[in-house]
Amino acid sequence: MDWETLLAPYKQAVDELKVKFRGIREQFQKTTKQSPIEFVTGRVKPINSILNKASQKNIPFEKIEEEIQDIAGLRIMCQFTDDIKKVIDMLRNRKDFEIVEERDYITNKKPSGYRSYHLVIRYPVQTLEGEKPLLAEVQIRTLAMNFWATIEHSLNYKYHGRIPKDIQLRLQRAAEAASRLDEEMAEIRGEVQEAQIVFSERTDAGKGSNPST
């Protein structure tokens with residue numbers, strides 16, 4: 001199997017979607033300066049991870065592209081939980097891809113404490129051989145949710161998916177603390193956004209006052 005050829009359209013999809021999602025953020029910044037998107041990341045799943053997932057789920061090699069939905073993965077980070085719904089609504093209204101599945105791990109958190117909203121989309125990539133629709137997963141979460149998920153992922157890697165029970169319990173408590181932080185920040189959202197606008201205006205003014213060299 002030529003992995004480079006197989007994964008090239010997925011890399012193209014990730015690159016294109018990052019540009020599109022970041023474009024949304026820039027459009028908000030030019031109008032309201034209060035974008036629901038803080039930043040966007042993306043990646044193509046490593047070959048070893050693809051093979052491990054296929055083995056765990058008994059997916060035959062010829063069905064990898066059909067049944068592994070996150071070979072192309074995007075993450076959209078938001079400051080506030082309310083922003084997540086705004087982003088979801090925007091993505092539902094787009095015409096350049098089709099949403100084929102939604103998984104709400106915010107309302108229905110995982111037993112580990114994991115929270116995030118997942119969209120599986122079918123995105124058409126234009127290749128030399130023509131259009132290739134492929135699956136990609138978009139994860140939408142707050143900065144607090146992402147911090148927790150990043151730590152949990154690292155621990156899962158360290159312990160090969162068998163995190164000790166005491167650490168699992170501490171992770172669950174940390175997940176609840178992160179959730180409370182999101183709730184608290186939502187309550188003071190107006191103050192935070194006003195401060196961001198003031199900071200942005202002062203920064204822009206400072207740039208404009210610098211003498212040219």
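The values are calculated or read from the model by the stated rules, or taken from the named source; none is laboratory data. Everything numeric in this text was worked out from a predicted model, so none of it was measured. Here the Cβ is made from the backbone with ideal geometry for all residues, glycine too, and neighbour counts use every protein chain on show. What goes into the accessible areas is simple: the full protein's heavy atoms, side chains included, and nothing from ligands, DNA or RNA. Shrake-Rupley method; radii C 1.70, N 1.55, O 1.52, S 1.80 Å.
General observations
- Filter result (open to solvent by 70 Å² or more (accessible area, probe 1.4 Å) and at pLDDT 70 or above) within region 197-213: PHE199, GLU201, ARG202
- Screening LYS63 against (1) closer than 16 Å to LEU91 by Cα; (2) open to solvent by 70 Å² or more (accessible area, probe 1.4 Å) leaves a single unmet condition, (1).
- The residues listed here are LYS95, LYS109; of these, the one that is touching a residue at least 40 places away in the same chain (Cβ under 8 Å), farther than 20 Å from PRO46 by Cβ and either in contact with a Lys or Arg (Cβ under 8 Å, 6 or more places away or on another chain) or not hydroxyl-bearing (Ser, Thr, Tyr) (or both) is LYS109.
- A count restricted to region 8-59 and to residues that are β-branched (Val, Ile, Thr) and free of Cβ contacts under 8 Å to residues at least 40 places away in the same chain stands at 8.
- Residues of region 112-132 satisfying the condition of being open to solvent by 20 Å² or more (accessible area, probe 1.4 Å), of a type outside the set (Ser, Thr, Tyr) and touching a residue at least 24 places away in the same chain (Cβ under 8 Å): ARG115, ARG122, PRO124, LYS132
- Between ILE76, ILE71, the distinction of being farther than 30 Å from GLU183 by Cβ, under 14 Å from the mean Cα position of the chain (by Cα), touching a residue at least 40 places away in the same chain (Cβ under 8 Å) and open to solvent by less than 30 Å² (accessible area, probe 1.4 Å) belongs to ILE71 only.
- Among the residues of region 148-183, those identified as closer than 16 Å to SER49 by Cβ and open to solvent by 70 Å² or more (accessible area, probe 1.4 Å) are HIS153, TYR157, LYS158, HIS160.
- Matching residues in region 16-33 - criterion: being loosely packed, with under 14 Cβ neighbours inside 10 Å, farther than 15 Å from MET90 by Cα and within 19 Å of the chain's Cα centre (by Cα): VAL19
- Within region 47-60, considering residues that are open to solvent by 70 Å² or more (accessible area, probe 1.4 Å) and not in a helix (DSSP H, G or I), the one farthest from GLU201 (Cα to Cα): ASN58
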